[in-house]
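Chemist: Can you read through this structure? Questions will come right after.
Just so it is clear, none of the values below were taken in a lab; they were calculated from the coordinates. Everything numeric here is computed off the predicted structure, so don't read it as measured data. Backbone-built Cβ (ideal geometry, glycine too); neighbour counts: all protein chains shown.
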Amino acid sequence: MALEGRLELRLAQKLILTPQLQQAIKLLQMPHLELSEFLSQELMENPMLEESADEVPPEEMTQEEKESEEVEDPNEDEVAPLEKLLHFNAVDEYFEERSSDGRDMGYFNPGTVESPSFEQFISRKPDLYDHLLWQLRFSNVPEELKTVGEIIIGNIDENGYLAATMGEIREAADTDAELAEIALRLIQSFDPSGVGARNVAECLLLQLRALHLDGTLVEKIIVSNMDELEKKKYAALAHIYNLPLKDIMSAVRVIEGLEPKPGRNFTSVNTDYIVPDVYLVRIADGYQIILNDEGLPRLRISMFYKRLIQQKNAYPKEDKQFLIEKLRSATGLLKSLDQRNRTIYRVTETLLDLQKDFFAQGVQYLRPLTLKEVASALNLHESTVSRVTSNKFLSCEHGIFCFRFLFSSALHSGLGTVSSTSVKNQIKRIVTEEDPKKPWSDQHIAGILQKEGITIARRTVAKYREELGIPSQAHRKK
C-alpha cells in the first residue's frame, strides 16, 4: 500500500481553553495568601496595572480617574506628547545621586552614628545543622575527624536522628569503620542531648548518659522492655523486675521527661497562619457574607500607560503592540478577579442555606452534603465548586473551618441520616470525657453512640478515631 499526502476538511467540536479561561480557572482555586502573591507579581510585571490605595465611590472620582477605570479602544484621541509625560532627566539625577553617596551599596550613613552593615544580618534562624556544625568547628579534634563529622551532620534529619547507615557514611567519607564510629560518638556528645541517634532507644540512652543514669532501672527498661513500656504494661514490668509498682512508675516518669525528638527545638520552619477567605457575620435577620480582601492589592488600569497607547506615531510600533497586549492581559485579569469573587460569594451563600443548622447551632448539626448538591443548586459544574472550596477557609462564630469541612458523607442511624463529621465530633467528645486511667475501647464507644441513636460498627469507630489522630485505648491509658 503506497503512502500519499492529501488535504482534507473536517468538522469537529472541541473544547479549547483560551488563555483568559485558563487564568480564570487558576484564580478560582487560589487561596487568599496565594492570590495575594500572584496579584503582587502581576502588579510588578504588567505596566498597565496600578494599585489604588483607597476605593473611591464613582460619584467622588475625578474625570481622569473615571477614564482610568474604563477599558477603551487604544486608538482614540491624542494627548500630550511622550516627552512631556516622562521625566527621564529627573530620574537619572536621582539614581546618580544615590550611587555617588553609596546608599545603593548598603553603607550609606547620613548621620554621625555608625550603623551596622547588611553583612551583619542573617536572613534565617540557625537550624540544627548550623548548631551542630558550630560545635564541631570549635572541637579540638583532628581535621580528618571533622571532615567525617560534617558528613554525619549533613545526614541528620530535622528530628535529630541519623538518616544514613554507617556503611553509607564510611563510603561518603572514604574512611574506615573505626574513624566513622569515633566521629559519630563525637557528634552524639553535642547539644542537644540525644542527637545523632539511629533509633528512639539509642536517643533515650544518650540522654540518660548525659544525666549520669547509666546502669539504673531506667536504662534496663529502655534496653529490654520498650514493647511493654509502649503498651503501658506497668504491672508486667513490676513482675519482670520483681519490684514494687511505685518504683516502676518512678522510672517511667523519668523516661517521660526525656525528649524523643531532640532536633524539634531547632526547626527553621515558619508558621503559616490561616487567613480566612470569607467571613460570615451574624446580623439581626441572618448572616452577612464578607469576602476577605485584606492584604490584596486593589488593581486598576493605569491611565498613564493607557494614554501612551492612544498616542499616534510617538514611539515604535513594537512598543505600542506590547502595551496593547499588556492592556488585554490586565483587562482579562480584572474580569477574572470579579468572576472569582462572584462565584465564591454564590457558593458561600448556597452553603449557608444548606448548612443553616450548623451555622446556627454548631458542628453536631452538620448535615451530609456533597459537591454535586451544591453544583446542582447553582447550576455550575461540580469541578467548579471543587475549585472554589479547595484550600479556602471560612470564618464564622463557631471558628475557622475549611470549606471542605462542610462536605461530608452520610451515615445511616436510628435518627436518620447523620453526617460523618458530626459523628467524628461525637467520638472526640466521648474520648475527652472518659477516665484517663480507664479509657474506653472502640467497642464501648460504639455502644455509647448506639444509646445516642447512632448505629455504627466498631471498625468504623476505629477508622474515625485514627482520622482524628486519637491514640488507641492502650496508648491513651495513664
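Chemist: Let me check I've understood the local charge: for Phe38, count other residues with C-beta under 13 angstrom from its C-beta, Lys and Arg +1, Asp and Glu -1. What total comes out? Display every interim value, and only then the final one.
Modeler: Values: positive: Lys26, Arg340; negative: Glu34, Glu37, Glu42, Glu45.
With Lys, Arg at +1 and Asp, Glu at -1, the neighbours total -2.
Chemist: Taking a point 7 angstrom from the Cα of Lys261 along the C-beta vector, which residues in region 146-166 have backbone N less than 17 Å away?
Modeler: 156-163
Chemist: At 7 Å along the Cα-to-beta-carbon direction for both Thr432 and Thr165, put a label point, then send me their distance in nm to one decimal.
Modeler: 4.7 nm
Chemist: Moving on. Subtract the Cα-Cα distance of Leu7 and Val281 from 0.36 nm times their separation in residues, and report this length gain in nm to one decimal.
Modeler: Extra length available between Leu7 and Val281 comes to 92.3 nm.
Chemist: Turning to a different aspect of this structure: Compute the length gained on full extension between Tyr315 and Arg209: take 0.36 nm times their separation in residues and subtract their Cα-Cα distance, giving the result in nm to one decimal.
Modeler: 30.4 nm
Chemist: Subtract the Cα-Cα distance of Gln361 and Ser250 from 0.36 nm times their separation in residues, and report this length gain in nm to one decimal.
Modeler: 35.3 nm
Chemist: Return the distance in nm (one decimal) between the two label points of a simple spin-label model at Asp157 and Asp191, each offset 7 Å from Cα along Cα→Cβ.
Modeler: 2.6 nm
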